[in-house]
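The values are calculated or read from the model by the stated rules, or taken from the named source; none is laboratory data. Since this is a predicted model, take the numbers as computed values, not measurements. Quick reminder, even Gly has a Cβ in these numbers, built from the backbone with ideal geometry, and neighbours come from all protein chains shown.
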């Protein structure tokens, strides 16, 4: 009886696969920790490693036990959700020493812009400033109380909070329009913007004040029949109000 003989190239390939599998098994036994898999896809001994690490953060509750007056102020302010140690740094040593070790008190001007420096990726309405233009040379805490950072006076310009929209609008055809041309702004919005929202246009007629063919606006402004233009769609379904393109 004649036995089938494997081609030499297949024999070499099988030997190679066998060597790879053996090396993998040996390497796994060497490099994979013995406790891996005890609690699932996790190294069980890592729990002990974490326990051995020194605790640096005390937690906000520890701060409130002594600084209840500051907690009372902060709990009603815009910074109520900001943990104390975000600004003051790890404070476990301060708590353990009974106050002998003072936590960090950020007074430098470049600290607050970490959150409040202008960044277009931040949400609309989040207070932002262009640091180089906003009270140059003055420390933030000389005007703003960190635990209750209400502005010392009501912002006169919408750009104080809506910097991204303002920057976009200033290079558009709507640069000369006041925000209140399209938005209704309650007086309370300036003092407490998050609880008193600005009114936004809800009908085509708002745009029609300038762009309807019968509007009494400058001749160079693009005109349409506001009732039929766009059909069932509203103007801002196609045009971005703060930077509307002009079709010629």
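Can you confirm whether the range 131-147 contains a residue that is at pLDDT 80 or above and under 20 Å from the mean Cα position of the chain (by Cα)?
So far as the range 131-147 goes, yes, one or more of its residues are at pLDDT 80 or above and under 20 Å from the mean Cα position of the chain (by Cα).
Taking the range 97-115 as the region of interest, how many residues are in a loop (DSSP other than H, G, I, E, B), surrounded by fewer than 16 Cβ atoms within 10 Å (Cβ to Cβ) and at negative phi? Talk me through it step by step, then tell me what you get.
The initial filter retains those residues of the range 97-115 that are in a loop (DSSP other than H, G, I, E, B), namely 97-112.
Cutting the leftovers down to surrounded by fewer than 16 Cβ atoms within 10 Å (Cβ to Cβ) gives us 97-102, 104-105, 107-108, 110.
If we keep only those that are at negative phi too, we end up with 97, 100-102, 104-105, 107-108, 110.
Looking only at that region, the number is 9.
Enumerate the pairs (first residue in the range 1-20 and at pLDDT below 95; second residue anywhere and part of a loop (DSSP other than H, G, I, E, B)) with beta-carbon separation below 9 Å, excluding pairs fewer than 6 apart on the same chain, so at least 6 apart or on different chains.
So the pair list comes out as 14/6.
State all residues of the range 51-62 that are within 22 Å of residue 86 (Cβ to Cβ), out of contact with any helix residue (DSSP H, G or I) (no Cβ under 6 Å at 6 or more places or on another chain) and assigned to a helix (DSSP H, G or I); if no residue qualifies, say none.
61
Check 118, 64 and return the single one that is surrounded by 15 or more Cβ atoms within 10 Å (Cβ to Cβ) and touching a strand residue (DSSP E or B) at 6+ places or on another chain (Cβ under 7 Å).
118
Right, residue 73: touching a strand residue (DSSP E or B) at 6+ places or on another chain (Cβ under 9 Å), in a helix (DSSP H, G or I), more than 30 Å from residue 149 (Cα to Cα) and outside the structural domain of residue 149 (by TED's automatic domain parsing) or not?
So residue 73 does not fit the description; no.
For the range 123-235, please list each of the helices (runs of 4 or more DSSP H) lying entirely inside it that holds at least 2 residues being out of contact with any helix residue (DSSP H, G or I) (no Cβ under 6 Å at 6 or more places or on another chain) and free of Cβ contacts under 8 Å to residues at least 24 places away in the same chain.
Per the criteria, 187-191, 205-211.
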